[in-house]
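All remarks here apply to the structure that follows.
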């Protein structure tokens, strides 16, 4: 049942990305081009998503627990540290260069365009590299203790 629900949620998300045009990197890049062919539609998509998420969180978190899990999995840290800022910067730079973010790239894989596959490969490589670097730091921390 969890896989079916995850599939439906992914289908709704991917459909929303496609309908809003966020799978088109040119549309996203035009949002960042404030001195040229600026397209504000990304701000409206983000604003709509934020409103839906805010209402959803208020409704869902009033429940005693999730329907398909034993507990809610919410972030526990509220600290703004170098990892968070650095990761956000890398995300923003990559989004500004490529015109894709992970949420828009995955549904865009269905277009078959090589640019989407190149971005997704770079995304997966970056995730694996970050995990590798993090595990090296953890090993060094254990070795010096």
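The values are calculated or read from the model by the stated rules, or taken from the named source; none is laboratory data. Worth saying up front: this structure is predicted, and the values here are computed from it rather than measured. Every residue, glycine as well, gets a Cβ built from its backbone with ideal geometry; the counts of neighbours run over all protein chains shown.
All told, residue 77 meets the bar of being farther than 25 Å from residue 121 by Cα and at pLDDT below 90. Checked against the criterion of being touching a helix residue (DSSP H, G or I) at 6+ places or on another chain (Cβ under 7 Å) and free of Cβ contacts under 8 Å to residues at least 24 places away in the same chain, region 79-88 has no qualifying residue.
One line per residue, one yes/no per condition, for (1) modelled with pLDDT of 90 or more; (2) in contact with a helix residue (DSSP H, G or I) (Cβ under 9 Å, 6 or more places away or on another chain):
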| position | (1), (2) |
| --- | --- |
| 52 | yes, no |
| 70 | no, no |
| 90 | no, yes |
| 95 | no, yes |
| 102 | no, yes |
| 114 | yes, no |
| 130 | no, yes |
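Among the candidates 1, 46, the residue that is within 15 Å of the chain's Cα centre (by Cα) and either at pLDDT below 85 or over 24 Å from residue 125 (Cβ atoms) (or both) is uniquely 46.
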